[in-house]
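Quick note: the coordinates plus some simple rules give every number you see, no bench work behind them. From a predicted model like this one, the values you see are computed outputs, not experimental measurements. Here the Cβ is made from the backbone with ideal geometry for all residues, glycine too, and neighbour counts use every protein chain on show.
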Amino acid sequence: MASVSPDAPPVQRPAVVFVFITVLIDMIGVGLIFPVMPALLQDVGQFDLSRASVIGGWMFAAYSLAQFLAGPLVGNLSDAYGRRPLLLLAIGGLALDYVLSAIAPTIWLLFLGRIIAGLCGASYVVANAFLTDITAPADRARAFGLIGAAFGMGFVFGPAIGGILGEFGPRVPFWAAAALAGANFIFGALILPESLPPEKRRPFEWRRANPVALLKVFRGYPSVLPLAAILTLYHFAGSAYPTLWSFWGIANFGWSELTIGVTLALFGIMAALVEGGLSGPFVRWFGEHRLIIAGLAIGTICAVGFGLASTMTMVVILLIVVSIEGLVHPCLTARMTAEVPDNAQGELHGGLSSLANLAVLFAAIFYTQIFGWFIRPEAETPNPGAPFLVTAGLLALALLSYLWVSRGRVD
């Protein structure tokens, strides 16, 4: 774990473990529904694959909208009242949400479950602030890489659980996630300390919790704004993968739930290896600047590859190579945290969360509309990979934008 900032309160290692597990369980909850979502939507709503993908996009958008609204609220509440209560509230809420999703008989209740999951899933904003509290600025890229590793591992265990348990029915994985979230809540209630001492807190103000007004935080730190815009474009482009992967695999290759789970698990393994195990050494060897450039360039090339992929071998190779792209997020985030004071880190992460969730919200609708159009029954030349070619263009734009913003920079 990264070294603790001299001004930070002493924090026991189990607390860091809890933060890691909290983000991990959040992502397991997201990841486990991917393999079963097409079958669940087709079963509950009696849709064909094209229509199910569009409905799935709106459901993903509802999840992202909830995170957009909740991100700044929980970030600023954590600046005022500490990180511990917000983390415990979020993980407990997730446990209840998974139970609701497991018993939902209609599409509308599934939508409600996704909204609750989005509200509680904003806990990663507080998790980022927690790690910022206990790490020195030079170590924060590594700390955020730990969060990235939790995201990656969530994409190992989540899809694996969803793919395996989905063989017993599309609702079974939700019961497993509810048990995990409940166990983590008990663990956190017993061991989690507070990382933000009272003297570093600031009063809660509703204007800071306004998800639109919160974007003004970037206006107060001009050097952060262009990097935040690039990170937002990166999130928008990359949203094609979680939004479409299951539907694309079925349309392009005829994958089963288990195959979907295995491929997503492979991606998660590589993300955990790169972001969790290699982010620290890579930052020391190459610097954040070069890693951002390399990640965006590799992401662009791999997106073209996915758009043209015709064999499983090609998909596996691309899943391994594209993991380098995951370093873009922690490196850009680390650069931005260095420009913001300690007592505004929660606000910064809340603002970044709002931008990310706006990007994912609109991207989910955008990409599923493209996908649905290219695989509709009456399409003359179905092309499930078309959205990934769009992703490649957007990542190339993000790369060019970063090169322009950072011109003259030397790491």
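Cα gyration tensor of region 273-411, axes a ≥ b ≥ c as square roots of the eigenvalues: rounded (a/c below 1.5), prolate (a/b > b/c) or oblate? Provide the component values of the computation, followed by the final result.
Numbers: a/c = 2.32, a/b = 1.60, b/c = 1.45.
Since a/c reaches 1.5 and a/b is larger than b/c, the shape of region 273-411 is classed as prolate.
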Roughly speaking, what is the stretch gain from SER223 to ALA338, that is 0.36 nm per residue apart minus the C-alpha to C-alpha distance, in nm to one decimal? 40.4 nm
Mean Cβ neighbour count within 10 Å, used as a protection proxy, ranking 89-99, 313-323, 30-40 highest first: 30-40, 89-99, 313-323
What's the extension gain from PHE187 to THR106 if we count 0.36 nm per residue and subtract their Cα-Cα distance? 25.9 nm
Between helix 328-337 and the chain: long-axis angle, C-alpha atoms, 0 to 90°, nearest 10: 30
Calculated from DSSP helices alone, with each H run of at least 4 adding -39500 (n - 2.57) and the total divided by the residues of the chain, [θ]222 nm to the nearest 500 comes to -25500 deg cm²/dmol
Using a 10 Å cut-off on Cβ atoms, rank the peptides 297-307, 64-74 from the highest mean neighbour count down. 64-74, 297-307
The exposure ranking of HIS349, HIS289, HIS235, fewest beta-carbon neighbours within 10 Å first, is HIS289, HIS235, HIS349
How far is helix 83-103 tilted, in degrees, relative to the longest principal axis of the Cα atoms in the chain, given as a value from 0 to 90 rounded to the nearest 10? 20
Which distance in nm do the two modelled labels at GLU199 and PHE286 give, with both placed 7 Å along the Cα-to-Cβ direction? 4.1
In degrees, nearest ten, helix 49-81 long axis to first principal axis of the chain (Cα): 10
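Quote the FRET efficiency, to the nearest 0.05, computed for ARG376 versus TRP404 with a Förster distance R0 of 30 Å and r equal to the Cβ-Cβ distance.
Numbers: r = 38 Å, r/R0 = 1.28.
Here the calculated transfer efficiency is 0.20.
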DSSP loop (so not H, G, I, E, B), at most 10 other Cβ within 10 Å: list which GluC sites (Glu not before Pro) in region 306-411 pass both filters. GLU378, GLU380
